[in-house]
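These notes concern the structure reproduced below.
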Amino acid sequence: MNLLLATTTNKPVQESLMDLFQMDTLPVGKLSVSTILISLAFTLLLSAIMFFTFKKCHTPMTYNQKYNITLVMLAIVSTILMQLIKQNLALSLGMLGSLSIVRFRTNIKDPRDLGFVFWAMTIGIASSSEGWFLGIIGSILLSIFMIMTGDNKSQSQSRLLVIRGSKANTDKINEILTAASGKSQLQAQNLLEDSFELVYEIKAKHMDEQKLAEEIMALPGIDTVNLLAPSADLG
């Protein structure tokens with residue numbers, strides 16, 4: 001008697017689960033063309049905001065254009081993928097299991113780049129789920145926040161100034177660096193019998209750096225003047 005009651009009670013639950021996994025209210029082939037186009041257009045709009053933000057909050061030395069283009073591609077792929085799987089629970093679970101075995105071994109040099117990856121994925125989810133308002137407001141807020149906290153191109157950036165020459169007046173070089181706008185600090189000094197090498201860390205605007213290098217290069221006895229980015233800024 002109890003066994004029969006349990007079987008009768010669980011039958012509707014089993015049927016509901018079967019119906020849930022077999023649910024396919026809108027097959028992939030019958031997706032509305034207008035819905036797809038609107039989702040992709042919205043994805044491109046938010047991707048443009050993300051693309052501009054990524055470029056704006058990096059310096060010319062740290063900006064990676066290929067990575068920025070990849071972020072846009074990731075947003076579009078996420079939109080297409082979500083459009084394909086959102087109508088079928090079984091397909092969604094299968095796709096989730098497939099993606100769980102993917103491993104990315106690329107080193108992320110800037111922690112912010114990982115945040116942009118999640119931003120791109122969120123754009124795809126918002127576009128495919130018709131979350132227009134949340135997507136646009138979230139992207140605008142993220143853009144403002146990242147630009148305000150990012151690297152400002154107008155600010156001074158640290159550079160290494162390498163000066164090589166022979167029989168030059170090093171005191172004159174120090175006077176030029178001291179008088180220049182910005183900060184400078186001697187990092188290394190190699191003096192040989194007939195030549196020398198000086199390495200300074202300077203912090204000045206780009207135009208000031210160029211004028212400083214030209215002024216030092218004009219001194220007698222100077223062979224080369226090189227401006228280098230610190231190793232930490234190289235992408």
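The values are calculated or read from the model by the stated rules, or taken from the named source; none is laboratory data. Please read all numbers here as calculations on a predicted model, not as lab measurements. Glycine also receives a Cβ, built like all others from the backbone with ideal geometry; neighbour counts cover every protein chain displayed.
Kindly indicate the residue of the range 173-205 that is in a helix (DSSP H, G or I) and surrounded by fewer than 14 Cβ atoms within 10 Å (Cβ to Cβ) and also modelled with the lowest pLDDT among those meeting that condition.
If we filter the range 173-205 for residues that are in a helix (DSSP H, G or I), which is where we start, we get 173-179.
Of the ones still in play, those that are also surrounded by fewer than 14 Cβ atoms within 10 Å (Cβ to Cβ) are 175, 178-179.
On the way: 175: 79, 178: 77, 179: 74.
Checked the range 173-205; the qualifying residue modelled with the lowest pLDDT is 179.
Out of everything in the range 154-172 that is aliphatic (A, V, I, L, M) and out of contact with any helix residue (DSSP H, G or I) (no Cβ under 8 Å at 6 or more places or on another chain), what residue ends up being modelled with the lowest pLDDT?
Going through the range 154-172, the residues aliphatic (A, V, I, L, M) turn out to be 160-163, 168.
Remaining after also requiring out of contact with any helix residue (DSSP H, G or I) (no Cβ under 8 Å at 6 or more places or on another chain): 160, 162, 168.
Values: 160: 79, 162: 85, 168: 68.
That would be 168.
Of the residues in the range 159-176, how many are of a type in the set (A, V, I, L, M) and touching a Gly at 6+ places or on another chain (Cβ under 7 Å)? First the steps, then the outcome.
If we filter the range 159-176 for residues that are of a type in the set (A, V, I, L, M), which is where we start, we get 160-163, 168, 173, 176.
Next, only the ones that are touching a Gly at 6+ places or on another chain (Cβ under 7 Å) stay: 168.
Number satisfying all stated conditions: 1.
Looking only at helices (runs of 4 or more DSSP H) that lie completely in the range 36-150, which have at least 2 residues being at pLDDT 80 or above? Spell out how you get there, then give the answer.
Values: elements: 65-85, 89-99, 111-128, 132-149.
Qualifying helices (runs of 4 or more DSSP H): 65-85, 111-128, 132-149.
Considering each residue of the range 124-134, count those that are within 12 Å of residue 41 (Cβ to Cβ) and buried (at least 22 other Cβ atoms within 10 Å of the Cβ), and give that number.
Here is the first cut: in the range 124-134, the ones within 12 Å of residue 41 (Cβ to Cβ) are 127, 132.
Retained after the next criterion (residues that are buried (at least 22 other Cβ atoms within 10 Å of the Cβ)): 127.
Within the range 124-134, residues that are within 12 Å of residue 41 (Cβ to Cβ) and buried (at least 22 other Cβ atoms within 10 Å of the Cβ) number 1.
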